[in-house]
Every structure is written in C-alpha cells, then in structure tokens.
Amino acid sequence: MVIGYVRVSTLKQQTKGSSLEHQEQKINDYCNLNDLELTNVFSETDSGGNDDRRVLNEIKQMITNPFLKESPIKTIIVYKIDRLGRTMLGSLQFIEMCKEHNVNVVSISDNIDTSDGGKSELILNILLSIATEEKRQIKERCSNGRNMKWEQNKIPYPSIPFGYKRKNNQIVVDENIQPIIQYIFKKWNVLCKMKHLTKTKRTQRLLKLLKSRNYTFNGKDFKYWNLRDILSNPMYCGYIKWKGELKNQSDIQPMISKRLFNQVNG
C-alpha cells in the first residue's frame, strides 16, 4: 500500500504554496510519473509544534502494529520532510522508525527515497548531523541566556507564578489574586500547627476552604499540586530560585513576608 501524508499548521497556509491541495497534487504527480498506485492521502491541519497529531499517530500505529507480521504500508510519500515532525530531528526519527519496519519514505522536494539502495542515506545523514548540531546550539544559547539573566538578577525562566503578571516588561502583582495567595499561606501556617492532622488532611481542608470562598486557580478549582507549587515558591516573599540557589529580587513585590514563608516551609 502506497499512501501520502499532507499537513498544514494553520488554515492560513491554505493560501500559500504549501496548501493541502498543493501538497496532494505534487504527491499524485509523483505517483503518476513513477507508476505508483496511490491508495490514500492522509490529510491533517495541526501545528508542527504538536507531537500528538491524531492522523500521523494513526499512521504510526499501522506501521508498528505488533499483531501484524508486516506493515500494510509499503511507502509513505510527503511533499516535504518537515511535514513528518515538529523538528527536523523528529522527522528523521520518524523516517528511521519507518526503515526499521521496512516502510519506504519519499520526500519529493528533498529528493529523498529510502528505497533507492542507499543513495538517500547520505542526504539523511547530513540532515541528521545538521539537526543534531542545531539542537545543541539552541540548547547552548538558551542556557547561556538564562545564565546571563541570573547574573543580572533577572528571572532566568519564562514562566511566572500564579498571582503575578507581566505589564510593560515588568512582573507585577495581580491585585485580584494577591488575597488568595496570602490566604493560602496564612491558613496553611495555621493548619501546620494542628499536629493531629496529616499533611493529606491539611491539604484537603485547605482545598475545601478555598472552594467555600469561591477562590479558583485560573478559573478552575484548586488542586493539591497547585497548593504545593504555591507554598514552595520563594518568589512570593521576594526571592527567585534557580539551580538550588536563592537570590533576593528587589524588582518583584513580595506578597508575603519571608518569615511566613520560612514558617510554612520549615
């Protein structure tokens, strides 16, 4: 069975040269030129940044089905290799998985056909080397950037805790959330003094109290992991933590005192 796979990230790409129709036409032209009987073309509109793509996962399951002696798919044809994965490395890993199950992969615009007796192997190895080096460089640049931010007493990570927000490139307190954070710390401090209660019982009691006050976490009921993350985050008392090191962050307004944070985490 010969199949095609076409994908666009968004509907906006439909107006460009990479539209689903354009990709499918190229696949049909390739099959007609090479006397291949195309069984089906699988189509998907989903971001390349999403690893959990329904249609592509169905194809993977058809290839790797352990109840079949061999895959019903003999060849997969795509217009471009980047249709197969979130990154070039991911696409190449998909191709490697296909090769392990004796499934050929054809990428029309990249001039790749894994059934050509090894002629495409050089191209794939070059692409793999480039993708691996690119991944290493990105990781190194990100690490260097985070180190530099840490040395400059800036937050070295993009996410900020519940109760803070970004405004004009500054991290400020969300005044609507601040009372909830303060309540959580104060109430947990009181509950910790009730030695007859286990940690699980304290958590359950605090969750019920939050629900009774209609306090929510981004519009949903608080979960125990929300409480865990809040109660252990030193940013609420004006400190940032990275790689086990603490720094006083004067640019961030604390919501609670350092004394209360230490009592809760003592």
_residue 232-residue 135 FRET efficiency (beta carbon distance; Förster radius 30 Å; 0.05 resolution)_ = 0.45
_Partner aspartates and glutamates for residue 247 [C-alpha distance under 15 Å; skip if fewer than 8 residues away on the same chain]_ = 151
*With respect to the cross-link table entries 186/208; 186/223; 154/211, which display a Cα-Cα separation exceeding 23 Å?*
154/211
*Between the range 224-264 and the range 129-179, what is the C-alpha centre distance in whole Å?*
16
*Antiparallel as a % of all DSSP beta bridges within the chain, to the nearest 5?*
45
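Under the definition of Cα pairs under 8 Å and six or more residues apart, what whole-number percent is the relative contact order of the range 47-138? It would help to have the intermediate numbers written out before the result.
On the way: 96 pairs, mean separation 22.1, N = 92.
Relative contact order here is 24 percent.
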*Extension gain from residue 64 to residue 1, taking 0.36 nm per residue of separation minus the Cα-Cα distance*: 21.2 nm
*List the relative contact order of the chain as a percent without decimals, with contacts defined as Cα pairs under 8 Å and 6+ residues apart.*
12
*Just going by the charge dipole of the range 2-134, with Lys and Arg at +1 and Asp and Glu at -1 on Cβ, which of 20, 124, 77 is farthest out on the positive end?*
20
*Helix 88-100 versus the longest principal axis of the chain: what angle, 0 to 90°, nearest 10, using Cα atoms?*
50
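Pop the C-beta distance of residue 71 and residue 121 into the FRET formula with R0 = 25 Å and round what comes out to the nearest 0.05. It would help to have the intermediate numbers written out before the result.
Numbers: r = 21 Å, r/R0 = 0.82.
It comes out at approximately 0.75.
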_Simple spin-label estimate for residue 144 and residue 214 in nanometres, 7 Å along Cα-Cβ_ = 5.2
*Mean separation of Cα contacts under 8 Å (6+ apart) over length of the range 109-195, as relative contact order %*: 11
*How big is the antiparallel share of DSSP beta bridges in the range 2-134, given as a percent to the nearest 5?*
10
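Once the Cβ-Cβ distance between residue 251 and residue 183 is put in as r, and R0 is 22 Å, what FRET efficiency do you end up with, to the nearest 0.05? If you can, show how the numbers build up before the last one.
Working: r = 25 Å, r/R0 = 1.13.
Calculated value: 0.30.
We did not get these values from a lab; they are worked out from the coordinates using the rules stated. Keep in mind the model is a prediction, meaning the values are calculated, not measured. Glycine gets a Cβ as well: all are built from the backbone with ideal geometry, and neighbour counts include every protein chain shown.
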